[in-house]
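S.K.: Below are the structure tokens for one structure; questions will follow.
The values are calculated or read from the model by the stated rules, or taken from the named source; none is laboratory data. All of these numbers come straight from a predicted model, not from anything done at the bench. Here the Cβ positions follow ideal geometry from the backbone for every residue, glycine too, while neighbour counts run over all protein chains shown. Areas reflect the complete protein model, heavy atoms only, side chains present, ligands, DNA and RNA absent. Shrake-Rupley method; radii C 1.70, N 1.55, O 1.52, S 1.80 Å.
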Amino acid sequence: MDIITLIEQKNQSEPEFLQAVHEVAEHILPYIEKNPKYKKYKIFERITEPERVIIFRVPWVDDAGEIQINRGFRVQMNSAIGPYKGGLRFHPSVNLSVLKFLAFEQTLKNSLTGLPMGGGKGGSDFDPKGKSDNEVMRFCQSFMTELYRHIGSNLDVPAGDIGVGKREIGFMFGQYKRIQNEFTGILTGKGFEWGGSRIRPEATGYGLIYFIQEIFKTQGDNLEGKTITVSGSGNVAQFAVEKSIQCGAKVVTMSDSNGFIYDAAGITAEKLAFITELKEVKRGRLKEYIDQYPEAQYFEGQKPWNIKCDIALPCATQNELNGDDAQKLIDNGCKYVAEGANMPSTSEAVAIFNAAKIFYVPGKAANAGGVAVSGLEMTQNSLRYAWFKEKVDDRLHTIIKGIHETCVRYGREEDGHINYEKGANIGGFVKVADAMIDQGIV
Ligand code: NDP
């Protein structure tokens, strides 16, 4: 039986995981054919099987005194090159398939950063939306009351993801400290005053734009005056928009799970500050933007991909950009798609981008800035020291440049086109695979 059929049979009810495996296999399997040592050691079979999966009950009591039960997960995918590292997601759509796809992608992404981090991902089907701060705290405390025994600064260091920001990291860190009676770097994305790193909140969004800048450099161009469409309005989207504005680009859309706003005049720094306050402090909905800025438009239940742009940055969630959306983007002249989110483009969309030979950068390369600075947060925690903002930003820049170079090295095709997806897949794979061979059959 061939490898793919075997993996499909073993993971039949996990469509997102299989989608991620297929997309990676497309480039890795031909590479393995040319490098038979990886075949001999069954690296692809092993890399697609998590080292460990933990599933647990998370009971908590809501403000009305009612008992609620959620499901918690941690997928410890691969520790060949360092402790497991990857975010925690709190969203009703969380299940094993979603977390296995994220942990698999994370393994290759972390390898691309050049830092010593293995791959993991976790979370819960808990929905923080509409919950009071006290409910979120009780949930986070219950979640950590089980998770604490499976993580550690040399074992597994989770971070935030969808639905998990500084507030949730704070509640979980507090509970870990209380149970273990030690102050240690077991989570990243912490507040700066209690062990967090400068630039961590900004890192994913900034890194995304730094990556685009690297591509533009190869074209002798820059971001000045370019039109950008962004989806999402959370952590990644906010800082991608901030950096785009700083670079002189015009961002015309942002979205949430209800719809998108289109501001033809461009989202300015002041308008972005309004969105940040709306999302992070008031925990409101994006449609409130048009009450404040009536010249903009709001489209309920729609996505921003039919708006004309030079660059599209999907920064919300997986499979939010399908084949029709991809075709619309190309028909409207979009030449660059860089994924702030993980696997936001469906397989059909990716095929359309690649056939059109536009610059398409998958999440594992384009959004690696976040985990890179999480890695730097771990380093600072080990040193018991906090670097200045400039130093962290400088390192982030260097890491993104390195990822870009790796993609170019492994992704250059015969006609000279750079296939960033192929480059990221092979570039991320090689280091993990070689480490696995060195460490024996474990
Ligand atoms: P946030 O929770 O801060 O923001 C998520 C945004 O996406 C919100 O605007 C949310 O809208 C929207 N969204 C979430 N789910 C859906 C959905 N099913 N349909 C439409 N919109 C949706 O998360 P992040 O910004 O941290 O993460 C966004 C993406 O970036 C994810 O794919 C994540 O894995 C990826 N990523 C994040 C990193 C990080 O450092 N945070 C690092 C690397 C990747 P609403 O407010 O309505 O829920």
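S.K.: Accessible area of Asp133, 1.4 Å probe, to the nearest 10 Å²?
M.R.: For Asp133, the solvent-accessible surface is approximately 90 Å².
S.K.: Within the chain, what's the longest run with no chymotrypsin sites (Phe, Trp or Tyr not before Pro) in a DSSP loop and at most 10 other beta-carbon atoms within 10 Å? Give the range, please.
M.R.: On the way: sites that count: Tyr385, Phe388.
Longest run free of exposed loop sites: 1-384.
S.K.: Starting from one equal scatterer on each C-alpha and no solvent at all, send me the Debye-based log10 I(q)/I(0) for the chain at q = 0.08, 0.10, 0.12 Å⁻¹, two decimals.
M.R.: Computed log10 I(q)/I(0) values: -0.42, -0.67, -1.00.
S.K.: For the range 2-112, take the alpha-carbon Rg, divide it by the Kirkwood Rh, and send me Rg/Rh.
M.R.: Details: Rg = 16.7 Å, Rh = 15.6 Å.
With Rh from the inverse mean 1/r over Cα pairs, Rg/Rh is 1.07.
S.K.: Also, I was wondering about something else. Counting only protein heavy atoms and a 1.4 Å probe, tell me what percentage of the range 348-428's accessible area is made up of carbon and sulfur. Each step should come with its number before you reach the end.
M.R.: Working: 1720 of 3440 Å².
Whole-percent figure for carbon plus sulfur exposure: 50.
S.K.: Sticking with this structure for a sec: Assuming 0.36 nm per residue, please report the length gained on full extension of the stretch Asp324 to Phe388 beyond their Cα-Cα distance. List each step's numbers first, then the result.
M.R.: Details: separation 64, 0.36 × 64 = 23.04 nm, distance 4.45 nm.
Full extension from Asp324 to Phe388 adds 18.6 nm.
S.K.: Using the Cα centre of the range 9-55 as the reference point, and only Cβ charges (+1 on K/R, -1 on D/E), how large is the resulting charge dipole? Debye, rounded to the nearest 20.
M.R.: Here the size comes out at about 400 debye.
S.K.: Subtract the Cα-Cα distance of His22 and Ile179 from 0.36 nm times their separation in residues, and report this length gain in nm to one decimal.
M.R.: 52.4 nm
S.K.: Would you mind calculating the gained length between Met1 and Asp291 on full extension (0.36 nm times residue separation, minus the Cα-Cα distance), in nm to one decimal? Walk me through the intermediate numbers first.
M.R.: On the way: separation 290, 0.36 × 290 = 104.40 nm, distance 5.90 nm.
Gain in length upon complete extension: 98.5 nm.
S.K.: Going through the DSSP H helices of the chain, which span 18 Å or more along their own axis at the Cα atoms while scoring at least -1.0 as a mean Kyte-Doolittle hydropathy? Could you put the intermediate results ahead of the total?
M.R.: Working: long enough: 15-34 (28 Å, -0.05); 96-113 (25 Å, 0.52); 133-147 (21 Å, -0.24); 166-180 (21 Å, -0.86); 200-218 (28 Å, -0.03); 369-383 (21 Å, 0.38); 389-411 (32 Å, -0.71); 420-438 (28 Å, 0.17).
Counting only whole DSSP H runs, the qualifying helices are 15-34, 96-113, 133-147, 166-180, 200-218, 369-383, 389-411, 420-438.
S.K.: Can I ask one more? Points 7 angstrom from Cα along the Cβ direction at Glu280 and Glu146: gap in nanometres?
M.R.: Placing both labels 7 Å beyond Cα along the Cβ direction yields 3.1 nm.
S.K.: Using only DSSP helix segments of four residues or longer, with each worth -39500 (n - 2.57), what per-residue ellipticity at 222 nm results for the chain after dividing by its residue count and rounding to 500?
M.R.: Details: 17 runs with 208 residues, N = 442.
Per the formula, -14500 deg cm²/dmol.
S.K.: List the trypsin sites (Lys or Arg not before Pro) within the range 236-306 that fall in a DSSP loop (any state other than H, G, I, E or B) and whose Cβ has at most 13 other Cβ atoms within 10 Å.
M.R.: Lys282, Arg283
S.K.: Return one quarter of the surface area of the convex hull spanned by the alpha-carbon atoms of the range 80-171, equal to its mean projected area, in nm².
M.R.: On the way: hull surface 23.4 nm².
Taking a quarter of the hull surface, the average projection is 5.9 nm².
S.K.: Then there's this: Once you keep just the Cα pairs under 8 angstrom separated by 6 or more residues, what percentage relative contact order results for the chain? The partial results should precede the final answer.
M.R.: Numbers: 888 pairs, mean separation 66.8, N = 442.
It comes to 15 percent, rounded to a whole number.
S.K.: Kindly provide the pair-distance distribution of the range 123-236 built from C-alpha pairs, with 10 Å bins from 0 and whole-percent values in order of increasing distance.
M.R.: Per 10 Å bin, starting at zero, the Cα-Cα P(r) for the range 123-236 comes out as 12, 37, 27, 15, 9, 1 percent.
S.K.: Taking the Cα centroid of the range 34-48 and of the range 192-255, what is the distance between the two, rounded to the nearest whole Å?
M.R.: Centre-to-centre (Cα) distance: 36 Å.
S.K.: What pairs in Lys250/Lys303; Lys129/Lys166; Lys121/Lys166; Lys131/Lys282; Lys100/Lys131 have C-alpha atoms more than 20 Å from each other? Numbers along the way, then the final one.
M.R.: Values: Lys250/Lys303 18 Å; Lys129/Lys166 15 Å; Lys121/Lys166 17 Å; Lys131/Lys282 13 Å; Lys100/Lys131 27 Å.
Long pairs (Cα-Cα over 20 Å): Lys100/Lys131.
S.K.: With a 1.4 Å probe and every protein chain left in place, work out the accessible area per residue of the chain in Å², rounded to a whole number.
M.R.: Working: 18170 Å² over 442 residues.
So the chain comes to 41 Å² accessible per residue, rounded to a whole number.
S.K.: Tell me, what % of the accessible area of the range 53-151 is carbon and sulfur with a 1.4 angstrom probe?
M.R.: On the way: 1570 of 3270 Å².
Whole-percent figure for carbon plus sulfur exposure: 48.
S.K.: Shape of the range 306-411 from its Cα gyration tensor (a ≥ b ≥ c, root eigenvalues): rounded if a/c is under 1.5, otherwise prolate when a/b > b/c, or oblate? If you can, show how the numbers build up before the last one.
M.R.: Values: a/c = 2.69, a/b = 2.33, b/c = 1.16.
Prolate is the answer for the range 306-411, as a/c is 1.5 or above and a/b outweighs b/c.
S.K.: Further question on the same structure: For the range 125-175, report the convex hull volume of the alpha-carbon atoms normalised per residue, in Å³, without decimals.
M.R.: Numbers: hull volume 4.0 nm³, N = 51.
Hull volume over Cα atoms, normalised by residue count, gives 79 Å³.
S.K.: Step through the residues of the range 69-78 one at a time and calculate ³J(HN,Hα) from phi using the Karplus curve (6.51 cos²θ - 1.76 cosθ + 1.60, θ = phi - 60°), rounding each to whole Hz and writing x for Gly and Pro.
M.R.: Calculated HN-Hα couplings, in order: 10, 10, 10, x, 9, 9, 9, 9, 7, 7 Hz.
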